[in-house]
Amino acid sequence: MKVEFLFDFGSPNAYLCHRVIPEIERRTGVTVAYVPILLGGIFKATGNRSPVEVYAGVENKNKYDALETERFCAEHGITDFSFNPFFPINTLVLMRGAIAARKLGVFEPYVDAVYRYMWSDPRNLNDPSVIGASLTEAGLDAAALIAKSQDPEVKQELVQATQEAVERGAFGSPTFYVDDEMYFGKDRLHMVVAEIEKRKAETA
């Protein structure tokens, strides 16, 4: 069974899923594979737009989304979520960095660090100097990561992953796949778990 998490650091709901994934892995015994994609690229390819843009003038919808986020955080014991005041942030450099980090063997600490500085200790990650200082603060080799992220192979890998996501039906993030079954949004996590457990039972 292959369980995948298609993520972009710019999605607060993807961050919240990231915080819950370790518990899902402990509960099911299945490792979730993180797949970096570029959300802007997916939006462009599918004609989708960010909820922040779509619902900018819908006061009641925005109030409800805030309430839903509070409920989700309370349910999962997340006490340090903070909406980034510099949002929206262009995540191209950060997502290339995720692929570079995998090639350099520091993928997990890189993802944890960028998510932290995006949605827990929010910083202006539109600023390359802030990115570099933040990665260094997290104990990572910022210079090596930034240099590697400029590798044409890294850039093409992100393009390819994004294209493949669109071809598979993705239109945003967080998107999960359990083998060939797609689930979108943090409110579908219970369905992801149910599908994992169903498939495990079928092969037991």
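Bear in mind that the values in this text are calculations on the coordinates, not laboratory data. It should be emphasised that the depicted structure is a prediction, and the values quoted were computed from it without experimental measurement. Quick reminder, even Gly has a Cβ in these numbers, built from the backbone with ideal geometry, and neighbours come from all protein chains shown.
Using per-residue counts of other Cβ atoms within 10 Å, averaged over each peptide, order 72-80, 126-134 from highest down.
Numbers: 72-80: 12.4, 126-134: 14.8.
The peptides rank, most packed first, as 126-134, 72-80.
How big, on average over all directions, is the shadow cast by the Cα convex hull of region 1-81, in nm²? Numbers along the way, then the final one.
Details: hull surface 26.3 nm².
Reported value for the Cα convex hull: 6.6 nm².
Placing unit charges on each Cβ (+1 for Lys and Arg, -1 for Asp and Glu) gives the chain a dipole about its Cα centre, and among Y64, F176, A161 the Cα reaching farthest toward its positive end belongs to A161.
About the centre of its Cα atoms, region 3-203 shows a dipole size close to 160 debye [charges on the beta carbon of Lys, Arg (+1) and Asp, Glu (-1) only; nearest 20 debye].
Look at where the Cα atoms of region 1-53 and of region 141-198 average out, and the two centres are 6 Å apart. Within the chain, which whole H helices from DSSP have a Cα span along their axis of at least 15 Å and a mean Kyte-Doolittle hydropathy of -1.0 or more, if any? Once both thresholds are applied, what remains is 12-28, 92-103, 107-119, 152-167, 189-203.
Of the trypsin sites (Lys or Arg not before Pro) found in region 117-196, those that fall in a DSSP loop while having at most 13 other beta-carbon atoms within 10 Å are R168. With contacts taken as Cα pairs under 8 Å at a separation of at least 6 residues, region 1-85 carries a relative contact order of 29 percent.
Across the options Y55, V32, A101, the greatest Cα extent toward the positive end of the charge dipole of region 23-135 (unit charges at beta carbon of Lys, Arg, Asp, Glu) belongs to A101.
Mean sequence separation of contacting Cα pairs (under 8 Å, at least six apart), scaled by the length of the chain, corresponds to a relative contact order of 34 percent.
Histogrammed with a bin width of 10 Å, the alpha carbon distances of region 59-204 distribute as 10, 29, 36, 22, 4, 0 percent, first bin at zero.
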